[in-house]
Amino acid sequence: MKLTEEMLSGFPDARGHFGAYGGRFVSETLFDSLMTLEKEYKRLKNDPDFQASFDKDLAHYVGRPSPLYLAERLTRETGGAQIWLKREDLNHTGAHKVNNTIGQALLASFLGKKRIIAETGAGQHGVATATVCARLGLECHVFMGAEDVQRQSLNVYRMKLLGATVHAVQSGTKTLKDAMNDAMRDWVANVDDTFYIIGTVAGPHPYPLLVRDFQSVIGRETRQQCLSQAGKLPDALVACVGGGSNAIGMFYPFLTDESVQMYGVEAGGLGIETGQHAAPLSAGRPGVLHGNRTYLMEDENGQIASTHSVSAGLDYPGVGPEHSWLKDIGRAHYVSVTDDEALDGFRKLTRVEGIMPALETAHAVAYAIKLAATMDKDQVVVINVSGRGDKDIQTIAKLDGIEM
Amino acid sequence: MSRIEGVLKSLKAQGRKALIPYITAGDPHPDQTVDLMHTLVAAGADIIELGVPFSDPMADGPVIQLACERALVHGTSLRQVVAMVKTFREKDDKTPIVLMGYLNPMEAMGYEQFADTAKAAGVDGILTVDLPPEEADEVAPLFTERDLDAIFLLAPTTTDDRIRSISQHSSGYVYYVSFKGVTGSGKIDIDEVASKVAHIHELTALPVGVGFGIRDAETAAAVGRVSDGVIVGSVLVDTIARNQSDPDQLKRALTDLLRPMREALDNLAS
């Protein structure tokens, strides 16, 4: 399907649907709050003061635009297309997540909400939320699965230093999905004074829309930078997909550029065939979770399946509804790489370019290297380097058998 | 007239209030659920809300989360829950059964197939926590066509416009959630509930059941005084958790909890 600007304006539709996906599948208590949020966001989206504040913060607090960097040595060693890196890892707090938390915290301020809640997997969204809360003097509560609290202890401590309260979630699989369940439960109880900053393009409408809008700065910059630095549009974009916010941020401004191929890389875990993975687009089916209809990992009875990934940020059984739609219409390709391939990608980028990516990002790196090798030298592949790997040092060390 | 409507009309004619207990199917074990349903009826239940366990019960507090986990350990599926209702119906064709749960297990089973088997088994109503009427275009007609009552939630945050439109999509009764929070969490404010329910009664002719925060005969009576029925969940489920190792003691404990509520409600009529 060839997408046009006019078509895109209808996605999501007035009720938050991307084709068969998205929507607002929430308990009644939250409904009015979501309606208010949607209405206010629509108003503020076109409010010059709001946009000016957002742009100013992105420039002077986040440090945007982030560079688009030609990875010359990696390109040479791969022996195919030019590999360019969109350096979201250089943002303040070390990942793309802050683009969205700046935007949502600004929304919260305009709505007069003083208490912020967030869910987090790898902790990057939690840190980015705690950061903007510290700056704006907002009370911050971060929900994080108990297993993730263990494997991302560095980020837990960062959040605490920033003044946030971190709630270790003990229910279910003790990972990101359970953190989101508990954040929703907190929100229901405190809906009057609390703003829920969702970290990805999932959740009930209007979250997938507003997170996409806030993250689209990634793709807009990339488009401009690629045209001026490489002299052409990219031939392929590669981004990792957990919930999918960095991927949608990169893809969205290119959706109408038919020549640009898009690859969302899911967590293949121990291998799709083992069932131990977190790749709903590659191996799941549509269902309803966390307020939206989307591809999910579930059993035959509709119970949500447990997931596995070496990277906490991708360890989620669902995905943003817009990705489900892009998959179905064939506009973006969704693939997966295993834990081991991702770890190879991590080491490769670290040793060849001196850039240590987050384990989430390493999935995109691993796939992009395979992809670039099959392409011509005059073609351009852009990897969204969604985050830096400092937070993963302990995980990597442990895999190397080193106690720190 | 649906079984739910019939029961609620007859109660109203007698000046009585409905007692609507909730338990999670499959908790503590799938083999016990039908027996527990009969126990609830013997202790005074007018309608039973039978919870369909889900792996991610986002609107529920720890008590019902744990009930779901206990049920899912034994693999309790939506198909099995429907089969339990069918077995229940062998001995009881009067007590309406409402299945209460989350959308995904129904979506996974297939809505049409679910509606058919639920109807055939003797299910009377469906309450889907995460399905507001706005998203129910596809599903609700399948229920209506089969005379299954679609029961929707109203909350303290529901605006008047939505109370009207949700009521139009509902049949049987509407379920008013008494406070902002998950099941088993907060403290019910009777005055607030009274004024809200009175207001809902101005906007719809449907009976209003009130749930969340009803833990004993006293709160049941207070809520019964201002509504058409009281829904009791977490305190029952907690009782199941505490007596799960002894099935007979469990039945006695449920009865001891429910019967005083029944009496307190019936005392309102006299």
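Taking 8 Å as the Cα distance limit and 6 or more residues as the minimum spacing, I'd like the relative contact order of chain A as a percentage.
Across chain A, relative contact order equals 21 percent.
Hey, any idea what the orientation-averaged projected area of the convex hull of region A:270-404's Cα atoms comes to, in nm²?
Convex hull of Cα atoms, orientation-averaged projection: 9.9 nm².
Could you run the Karplus curve 6.51 cos²θ - 1.76 cosθ + 1.60 with θ = phi - 60° over region A:114-124 and give me ³J(HN,Hα) per residue in whole Hz, x for Gly and Pro?
Once θ is set to phi - 60°, the couplings for region A:114-124 become 9, 10, 10, 10, 8, 9, 8, x, 6, x, 5 Hz.
For B:Leu131, what accessible area in Å² do you get when you roll a 1.4 Å probe over the heavy atoms of the protein chains, rounding to the nearest 10?
So the heavy atoms of B:Leu131 present about 10 Å² to solvent.
Where the convex hull is taken over the Cα atoms of region A:140-191, what is its projected area averaged over directions, in nm²?
3.4 nm²
Output the relative contact order of region B:134-244, whole-number percent, from Cα pairs under 8 angstrom with separation of 6+ residues.
Value for region B:134-244: 22 percent.
Enumerate the whole-percent occupancy of each 5 Å bin, from 0 to the last occupied one, for all C-alpha pair distances of region B:3-264.
1, 6, 14, 19, 22, 19, 12, 6, 1, 0
Could you tell me what percent of the DSSP beta bridges with both partners in region A:69-166 are antiparallel, to the nearest 5?
So the antiparallel bridges in region A:69-166 amount to around 20 percent.
Residues of region A:26-47 losing 40 Å² or more of accessible area relative to the isolated chain, 1.4 Å probe, heavy atoms only?
A:Ser27, A:Glu28, A:Thr29, A:Phe31, A:Asp32
Would you tally the net charge around B:Gly125, using a Cβ to Cβ cut-off of less than 14 Å, leaving B:Gly125 out, and scoring K and R as +1, D and E as -1?
Computed value for this residue: -3.
Could you give the size of the charge dipole of chain A about its Cα centre, using +1 on the Cβ of each K and R and -1 on the Cβ of each D and E, expressed in debye and rounded to the nearest 20?
740 debye
How big is the B-A contact in terms of buried accessible area, both chains counted, 1.4 Å probe, rounded to the nearest 100 Å²?
Roughly 2900 Å².
Calculated from DSSP H runs of 4 or more alone, at -39500 (n - 2.57) each and per residue, what is the 222 nm mean residue ellipticity of chain B, nearest 500?
Calculated from helices alone, the mean residue ellipticity at 222 nm is -15000 deg cm²/dmol.
Tell me the Kirkwood radius of region A:81-125: reciprocal of the mean inverse pair distance over distinct alpha-carbon atoms, in Å.
Answer for region A:81-125: a Kirkwood hydrodynamic radius of 12.4 Å.
What GluC sites (Glu not before Pro) in region A:349-404 are in a loop by DSSP, with at most 12 other Cβ atoms within 10 Å of the Cβ?
A:Glu403
Among the trypsin sites (Lys or Arg not before Pro) in region B:1-55, which ones are in a DSSP loop with at most 14 other Cβ atoms within 10 Å of the Cβ? Mind listing them?
Within region B:1-55, no trypsin sites (Lys or Arg not before Pro) qualify (loop, at most 14 other Cβ atoms within 10 Å).
Please list the equivalent ellipsoid semi-axes of chain A, computed as the square roots of five times the alpha-carbon gyration tensor eigenvalues, in descending order and whole angstrom.
Values for chain A, descending: 29, 24, 22 Å.
What is the antiparallel percent of DSSP beta bridges lying wholly in the protein assembly as shown, to the nearest 5?
20 percent
Let me know the Rg and Dmax you get for region B:88-136 when you use only its Cα atoms, in Å.
11.8, 37
Suppose R0 equals 60 Å. What FRET efficiency, 1/(1 + (r/R0)^6) with r the Cβ-Cβ distance, do A:Asp378 and B:Arg225 give to the nearest 0.05?
0.15
Which trypsin sites (Lys or Arg not before Pro) in region A:1-34 pass both tests, a DSSP loop state and at most 15 other beta-carbon atoms within 10 Å?
Counting only loop positions with at most 15 other Cβ atoms within 10 Å, the trypsin sites (Lys or Arg not before Pro) in region A:1-34 are A:Lys2, A:Arg15.
Counting heavy atoms of the protein chains only and a 1.4 Å probe, report the per residue accessible area for the protein assembly as shown as a whole number of Å².
For the protein assembly as shown, the per-residue accessible area is 35 Å².
Return the calculated 222 nm mean residue ellipticity for chain A, to the nearest 500 deg cm²/dmol, obtained by summing -39500 (n - 2.57) across DSSP H runs with n ≥ 4 and dividing by the residue count.
-12500 deg cm²/dmol
Return a whole-number percent for the relative contact order of region A:52-134, with Cα pairs under 8 Å and 6 or more residues apart as the contact set.
It comes to 25 percent, rounded to a whole number.
With only alpha-carbon pairs counted, each pair once and no self-pairs, how large is the Kirkwood hydrodynamic radius of region A:137-286 in angstroms?
With all distinct Cα pairs of region A:137-286 included, I get 17.7 Å.
Which residues of region B:88-127 bury at least 20 Å² of accessible area once all protein chains are present, versus their chain alone (1.4 Å probe)?
B:Leu103, B:Asn104, B:Pro105, B:Glu107, B:Ala108
Kirkwood Rh over Cα pairs of region A:66-197 into Stokes-Einstein at 37 °C, 0.692 mPa s: D in µm²/s?
Translational D for this selection: 209 µm²/s.
Computed over the Cα atoms of the protein assembly as shown, what is the ratio Rg over Rh, Rh following Kirkwood?
1.01
Excluding A:Glu147 itself, what net charge comes from residues whose Cβ is under 13 Å from its Cβ, given Lys and Arg +1 and Asp and Glu -1?
Residues near A:Glu147 contribute 0 overall.
Have a look at region B:173-198 and report residues whose accessible surface goes down by 20 Å² or more when the remaining protein chains are included, against the chain on its own, probe 1.4 Å, ligands and DNA/RNA excluded.
Buried on complex formation: B:Lys180, B:Gly181, B:Val182.
B:Arg259 accessible area, nearest 10 Å², 1.4 Å probe?
Result for B:Arg259: roughly 100 Å² accessible.
Pop out the carbon and sulfur fraction of the accessible area of the protein assembly as shown as a percent, whole number, probe 1.4 Å.
Accessible surface attributable to carbon and sulfur in the protein assembly as shown totals 50 percent.
What fraction of the DSSP beta bridges in chain A is antiparallel, stated in percent and rounded to the nearest 5?
If we restrict to bridges inside chain A, about 35 percent are antiparallel.
Please give me the summed charge of the neighbours of A:Thr93: other residues whose Cβ is under 14 Å from its Cβ, Lys and Arg +1, Asp and Glu -1.
So the environment of A:Thr93 carries a net charge of +3.
Need one number: the % of Cα-Cα pairs in region A:1-157 sitting beyond the 21 Å mark.
Across region A:1-157, Cα pairs with separations above 21 Å total 63 percent.
The values are calculated or read from the model by the stated rules, or taken from the named source; none is laboratory data. None of the values given here were measured: they were computed from a predicted structure. No Cβ is skipped: glycine too gets one built from the backbone with ideal geometry, and neighbour counts run over all protein chains shown. All accessible areas refer to the heavy atoms of the entire protein, side chains included, with ligands and DNA or RNA removed. Shrake-Rupley method; radii C 1.70, N 1.55, O 1.52, S 1.80 Å.
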